Amino acid sequence: MAQIDVNRPILEANLKAAQENRRQFDDAGVKVLNLISSPGAGKTSILEKTLTRLAGKVAAGVIVGDIQTTEDARRIAACGVKAIQIETQGTCHLDGPMIGQALKAFDLKGLDLLIIENVGNLVCPVEFDLGEDMKVAVLSVAEGDDKPGKYPLLFKEAGALLINKIDLLPYVNCDLGRIRQTCARLNPKQVVFELSCQTGQGLEAWVEWLIAWARSKEN
């Protein structure tokens, strides 16, 4: 019996939009990160701490994806950067056409760095190319050390991993060594940062790396 892959035309259409996004990014010389995590891992808090440290060093903009509400975009805009909210109205990920529409609100040539904060989900967002240069995974220690093994595609494709909320380590059952070991097996070139938005631990190392990456000419 013949089978039809219903996902193929969806992903092919998305790829076409992502390629157009990438062309615009390349023409403008802007580097683009796609930030992916489960809900509550701390993406928005990390962005708030990151953007305040980037001020005066890297010109940044942010696209925020959520199923509903503009709360996160308001928090990001309070950091002094342009933030555009995409409300997906039920869709569990951002896609290329959504990003293409949001780009109309930006002067890309005035940016060094564009950060896309994807919808909270460890599965669907990974499958949709947005035209980004790099995916960055965020994993909080409260989620447990088994997540990279259970959801390997994200941790395989992410060029950087932010292990967040390490101030909670005394109170949760999480083995950082296991996370690092699993992720190193999935992606040996992945850069890993352990940080806490509450104490500030690890944030400077992450921001320094991000500044260097945003200023680099190679992806």
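The values are calculated or read from the model by the stated rules, or taken from the named source; none is laboratory data. Just so you know, these numbers come straight off a predicted model, no measurement behind them. Every residue, glycine as well, gets a Cβ built from its backbone with ideal geometry; the counts of neighbours run over all protein chains shown. The accessibility values were calculated without ligands, DNA or RNA, using every heavy atom of the protein model including side chains. Shrake-Rupley method; radii C 1.70, N 1.55, O 1.52, S 1.80 Å.
Using a 10 angstrom cutoff on alpha carbons, build the Gaussian network for the chain and name the most mobile of K104, K147, K189.
Of K104, K147, K189, the most mobile in the Gaussian network model is K104.
Can you give the FRET efficiency to the nearest 0.05 for C124 and T70, using r as the Cβ-Cβ distance and R₀ = 25 Å?
Using R0 = 25 Å, I get an efficiency of 0.75.
Can you tell which of V119, V138, V81 shows the greatest fluctuation in a Gaussian network model of the chain with Cα springs below 10 Å?
Per the Cα network of the chain with a 10 Å cutoff, V81 tops the list.
From the phi of every residue in segment 130-144, what ³J(HN,Hα) in whole Hz does the Karplus formula 6.51 cos²θ - 1.76 cosθ + 1.60 yield, where θ is phi - 60° and glycine or proline is x?
10, x, 6, 7, 8, 8, 10, 8, 10, 9, 8, 5, 5, 7, x
Specify the residue with the greatest mean-square fluctuation among A184, A137, A73, computed from a Gaussian network of the chain linking alpha-carbon atoms under 10 Å apart.
Among A184, A137, A73, the largest mean-square fluctuation in the Gaussian network model of the chain belongs to A184.
Ordered by residue, what ³J(HN,Hα) values in Hz, to whole numbers, does segment 193-210 give under the Karplus form 6.51 cos²θ - 1.76 cosθ + 1.60, where θ = phi - 60° and Gly and Pro are x?
10, 9, 8, 9, 6, 6, 9, x, 4, x, 5, 5, 4, 4, 5, 4, 4, 5
For A184 and R23 in one chain, what is 0.36 nm times their gap in residues minus the Cα-Cα distance, to one decimal in nm?
Contour length minus the Cα-Cα distance gives 54.8 nm.
Leaving out ligands and nucleic acids, and using a 1.4 Å probe, what accessible area per residue does segment 1-112 come to in Å²?
Result: 52 Å² of accessible area for each residue.
Percent of accessible area on segment 12-214 owned by carbon and sulfur, 1.4 Å probe?
49 percent
Roughly what % of Cα-Cα distances in the chain sit above 22 Å, to the whole percent?
Pairs farther apart than 22 Å: 49 percent.
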